[in-house]
Amino acid sequence: MRVEFGRRALAGAVVACVVVASVVTSPASAMGYVSAVANDPFAFAAVLVGLYTVRPLLAWPATLLAVVVGYGYGVALGVPVALAFAVGTSLVPFYATRWVDGGTLAPTDTPAESDGRLRGRVEAYFGAAGDVRGVTAARLVPIPADIVSCTAAVSGVSTSAFVAGTLLGELPWTVAAVVVGSSAKELSTGGLGSVGLPLGVVTVVAALALLAGPTYRSYAGSSK
């Protein structure tokens, strides 16, 4: 019991630190520094690694940094680099949540006791949609990426399914962000700009299409 309380207390402290850091840290200042070193390949790469390293701690959107990648590397190199970083940084909250939830980095079964109605619904969602499809659809919808990572972790999604779903779901967002960055004359914190809304509509429709089959089967099964 004390170990469980300690893990949850530590998690609460970390979340509080993330909230404070995201409030007091300005992405604009980081973008200004990146612009200053954009012509130096080694300095740019070092800054990029640093920004992606702290991204989960600052709760910055992955698309913002994908724009930075496109600004420095262009589309051909920028897309695989940004995708690799997006997957890598998403594993941080995924494993952290799994550890807090079960005290282990290994995949866990669905807990016998539900922590609440919301958790039960999340587990039911992944149970009906499947791990890869569920993560992919959640990534396509424009919601904070780290929330998807945490909910997948507490639902017992395997690491391989999580990585596959993240790659598929983040692909359209990453490609769009890299293209925006590669065509930008200067970096800003505007993210996808005017591209964001139409892309969001398309990805939401794609997510609904992915979930149509599981939703129908779940409804048909419950009505029998």
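Read-outs: derived from the displayed coordinates by stated rules, not from any lab. Small disclaimer: the values here were computed from a predicted structure and weren't measured. All Cβ positions, even for glycine, are placed from backbone atoms using ideal geometry, and neighbour counts span all protein chains on display.
For LEU140, what is the net charge nearby, where nearby means another residue's Cβ is under 11 Å from its Cβ and Lys, Arg count +1, Asp, Glu -1?
On the way: positive: ARG133, ARG139; negative: GLU170.
Local charge sum for LEU140: +1.
Between LEU77 and THR215, what's the calculated FRET efficiency when r is the beta-carbon distance and R0 is 35 Å? Round to 0.05. Mind dumping the intermediate values first?
Values: r = 39 Å, r/R0 = 1.10.
Approximately 0.35, to the nearest 0.05.
Rank-order 161-170, 47-56, 61-70 by packing density, defined as the average count of other C-beta atoms within 10 Å over each peptide's residues, highest first.
Details: 161-170: 22.3, 47-56: 17.3, 61-70: 25.3.
Averaged packing, sorted descending, gives the order 61-70, 161-170, 47-56.
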